[in-house]
Amino acid sequence: MLSKVVLVFPLFTTNSCCVRRRYNDYLTGVKRAARCVALFIESKAMCSLFSPLVFSVQLTPRRLLCIIQLNSMVIWWIIIFIISLAALVKGADLLLDSAEKIGVHFGLSPFVIGVLITGIGTSLPELASSIAAVMHGASEVVAANVVGSNIANILLVIGISAVVGRQIIVSKNLIDLELPLLAISTALFLGVAFDGFVSRGEATILILAYIVYLTYTLFSREPSESFVISKGKEIEEKLEKYQQRALYFFIKPFFVFKDYIFLIFGIILLLTGAQYAIEAVLTLSDIFGIAVGVISITAIAVGTSLPELLVSIRAARKKKYDISVGNILGSNAFNALMIIGIPGVAATLPLDEKTLLIGLPVMTVATLLFIISGISQKIHHWEGMLYIIFYIFFLMKLFT
């Protein structure tokens with residue numbers, strides 16, 4: 001009779017798994033090794049740590065082959081995750097460089113570039129994953145994704161950016177106009193979500209609010225004094241009217257054609273990389289039986305926030321603080337209003353218990369901390385460290 005051992009693997013069975021008799025000696029050796037591993041785990045009191053994943057099973061040749069196949073699948077998804085991160089890094093580079101050139105060409109300030117082009121572009125993974133969740137009948141994922149992403153954007157992205165860049169300079173224009181808009185968009189989301197769900201009517205209100213926010217951001221400031229035409233030549237030209245900017249948009253797009261190509265390619269890399277990174281995280285998490293709500297507010301949220309993280313870090317390293325901070329402001333406003341609004345028009349969005357009782361309060365506190373730090377016009381290195389520590393405590397609270 002085959003011995004029973006303790007294995008840190010899920011129990012999988014399939015009729016396609018079979019091992020011929022000539023492999024019995026080999027399997028006996030593997031079973032002995034597995035028993036040694038199980039005894040080691042038990043002796044180190046690790047079974048309590050991995051209690052949801054520990055099963056007492058009969059190690060048959062068929063199950064052993066399934067375990068080998070499972071290990072191969074885990075390795076495969078780890079490789080996919082690494083490649084996805086590489087795509088995100090390259091996509092962030094292309095997006096940041098091309099978006100800035102296009103924005104300056106049309107007279108946009110660096111901050112508006114961060115809010116519109118970079119902020120919305122890096123929020124597309126959240127939008128795509130939220131729409132997919134509604135289509136698959138997992139509407140509770142949407143709110144958890146938004147709450148987790150907004151928390152990660154402030155505590156993780158701003159925190160790491162401040163640590164990497166040593167500090168983040170917050171412009172006075174941001175303090176006077178954009179931080180209040182962040183507070184308003186967050187308050188609107190909290191107002192419609194505090195009762196545990198977002199109805200279709202409330203989702204429509206959020207969409208209209210974002211249209212107002214976008215219009216105000218675009219037309220509440222004067223265009224910059226000059227713009228850059230590609231091909232290595234800089235031409236100084238005063239833009240006195242928005243009509244002139246629109247004219248250039250329609251009659252001279254070929255000046256920045258190369259930058260458009262890089263912009264589109266960068267967004268494609270970001271979306272593709274984020275999608276497969278999330279799929280890899282979800283698959284690996286599913287193997288170990290993690291709850292959907294916790295996955296949504298952590299793994300999916302962090303995965304979809306990777307574009308914001310990479311863009312903001314690179315902007316902070318280049319001392320382009322308006323893009324670094326504007327990226328987060330634009331992304332958080334887009335998340336709270338549009339990523340809740342667009343899927344919410346199609347279906348009512350419920351909030352799970354973790355998101356309602358832990359996520360919303362933490363998001364509120366994180367937003368207030370960001371506003372307080374921004375008022376001083378500088379986010380120091382040590383403040384970035386506190387942000388990161390706060391985020392770690394948030395994760396610990398979710399898993400306890």
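Derivation of every value follows stated rules applied to the coordinates shown; laboratory data play no part. Here the structure is a predicted model, which means the values were calculated and not measured. Note that we place each Cβ from the backbone using ideal geometry, even for glycine, and neighbour counts take in every protein chain shown.
How far apart, in nm, are two points set 7 Å out from the Cα along the Cα-to-Cβ line at ARG166 and at LYS318?
The two pseudo-label positions are separated by 2.0 nm.
Between ILE82 and ALA346, what is the label-point separation in nm under the 7 Å Cα-to-beta-carbon projection?
With each label placed 7 Å out from Cα toward Cβ, I get 3.5 nm.
Suppose the chain between LEU368 and PHE265 were pulled fully straight at 0.36 nm per residue; how much longer would it get relative to their current alpha carbon spacing? Could you put the intermediate results ahead of the total?
Details: separation 103, 0.36 × 103 = 37.08 nm, distance 3.56 nm.
Contour length minus Cα-Cα distance gives 33.5 nm.
Multiply the residue separation of ILE175 and ILE211 by 0.36 nm, subtract the distance between their alpha-carbon atoms, and state the gained length in nm to one decimal. List each step's numbers first, then the result.
Numbers: separation 36, 0.36 × 36 = 12.96 nm, distance 2.11 nm.
In short, 10.8 nm is gained.
With labels modelled as points extended 7 Å from the Cα through the Cβ direction, what inter-label distance (nm, one decimal) is found for ILE389 paired with ASP97?
According to this spin-label approximation, the distance is 3.8 nm.
Taking a virtual spin label 7 Å from the Cα of ILE131 along the C-beta vector, which residues in the range 327-355 bring their backbone nitrogen under 20 Å of it?
The answer is 331-350, whose backbone nitrogens lie closer than 20 Å to the label point.
Treating only the Cβ of Lys, Arg, Asp and Glu as charged (+1, +1, -1, -1), what charge dipole size does the range 120-207 show about its Cα centre? Round to the nearest 20 debye. Please list the in-between numbers first.
On the way: 3 positive and 6 negative charges, 50 e Å.
That gives the range 120-207 a dipole magnitude of about 240 debye.
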